[in-house]
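Nothing in this text is a laboratory measurement; each read-out follows from the coordinates by a stated rule. Quick caveat, the model's predicted, so the values are computed rather than measured. Here Cβ is always computed from backbone atoms with ideal geometry, including for glycine, and neighbour counts include all displayed protein chains.
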Amino acid sequence: MALFGAIEAGGTKFVCAVGTCPTDLSALTRIPTTTPKETLAQCIEFFRAQPKIDALGVGCFGPIELRRDAGAYGHVTTTPKPGWSNADVVGPLSRALGVPIGFDTDVNAAVLGESRWGAARDLDTAVYITIGTGIGGGALIGGQLAHGMVHPEMGHLLVPREPDDLVFDGNCPFHGARCWEGLASGPALARRWGNPAEALPADHPAWDLEARYIASALTSLVLVLSPERLILGGGVMQVTAIFPLVRKYLTRSLAGYVRAGRLTEGMDEYVVPPQLGTHSGILGALALAERALTR
């Protein structure tokens, strides 16, 4: 049986593991994200200390270059993460480990993991959203990860301001208070309310406003991509009291127009947390390695 390596490459830490499936995930370690050279060197050292892997999967924070015919394939591109703009991720790993590498965004990896083993299993089309330090989304369309000119940047969907939230100036350096991330990410919550999301009680008015912004963006995704399920993860969504609010406001905004698939079973079955919990990303990277070996 093939053995796979996996990296969930985030802006604060890189998670590395080896294994074959959720019940066979071992030697999991976390490496602080410092400079590209130092961080990738520690990843390489980790894998060299394990049994030899047959392929590696990397789900990486972005933006990243995914076009295989591009000279910068496998690079992080215009990230605000200091020191990581134009950093080559795939090259050093490939040269050091000499195995096929599957490379995609961290959120595309997460939706792939949920498709392979979790809440999107047996579905052709699904969307995974993470709401935390930023907002990002990955999409599985017809069984394939969504790519195009670049990769999906769902967190920067422009959403209308709620009428009771017209003063806040937003937290996105590109769009201010016009995009989903600028209005509803974890840092946006903290700036607006003066406390981080984890310090806000479940009955705080922040959550009603947050749910309305989430539902507004999800409405666009439902109407454009027609996913069979919406999976919401990330630090902000750990406040489980927000799920009923999101479902309520998404039902209101869809206004009965879309009546098909799992929506007919009710919002509880349509808008769900990740079945793989906090392991969606690392298991998705494992699935990227699996695909890379068979490609």
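Could you work out how far apart the two model spin labels at Asn195 and Thr240 are, taking each label as a point 7 Å from the Cα in the direction of the beta carbon, and quote it in nm?
2.1
How far apart, in nm, are the 7 Å Cα→Cβ label points at Lys52 and Lys248?
Calculated label separation equals 5.9 nm.
Roughly speaking, what is the stretch gain from Leu166 to Thr35, that is 0.36 nm per residue apart minus the C-alpha to C-alpha distance, in nm to one decimal?
43.3 nm
Counting other beta carbons within 10 Å of each Cβ, put His175, His279 in order, fewest first.
Fewest-to-most ranking of His175, His279: His175, His279.
Shape of the stretch 122-273 from its Cα gyration tensor (a ≥ b ≥ c, root eigenvalues): rounded if a/c is under 1.5, otherwise prolate when a/b > b/c, or oblate?
It is prolate, given that a/c is not under 1.5 and a/b is the larger ratio.
So how strong a dipole does the chain carry about its Cα centre when Lys and Arg Cβ are +1 and Asp and Glu Cβ are -1, to the nearest 20 debye?
340
What ranking of Asp122, Asp208, Asp268 emerges when the number of other C-beta atoms within 10 Å of each C-beta is taken as an exposure proxy, fewest first?
Asp122, Asp268, Asp208
State the antiparallel share, in %, of DSSP beta bridges confined to the stretch 122-273, rounding to the nearest 5.
Bridges in the stretch 122-273 are about 60 percent antiparallel.
What ranking of Met237, Met154 emerges when the number of other C-beta atoms within 10 Å of each C-beta is taken as an exposure proxy, fewest first?
The most exposed by this proxy come first: Met237, Met154.
Tell me, in nm to one decimal, what length is gained between Asp122 and Ala202 on full extension, where the rule is 0.36 nm per residue of separation less the Cα-Cα distance?
25.5 nm
To check you understand DSSP bridge types, tell me what percent of the beta bridges within the chain (both residues inside) are antiparallel, rounded to 5.
60
Among Thr264, Leu250, Ile7, whose Cα projects farthest towards the positive end of the dipole of the chain, with charges put on the beta-carbon of Lys, Arg (+1) and Asp, Glu (-1)?
Most positive-ward Cα: Ile7.
Rounded to the nearest 0.05, what FRET efficiency do Ser226 and Arg291 have when you use their Cβ-Cβ distance and R0 = 35 Å?
The pair Ser226/Arg291 has a calculated efficiency of 0.90.
Name the helices (complete DSSP H segments) of the chain with a Cα length along the long axis of 24 Å or more and a Kyte-Doolittle mean of at least 1.0, or state none.
Both cut-offs are met by 205-225.
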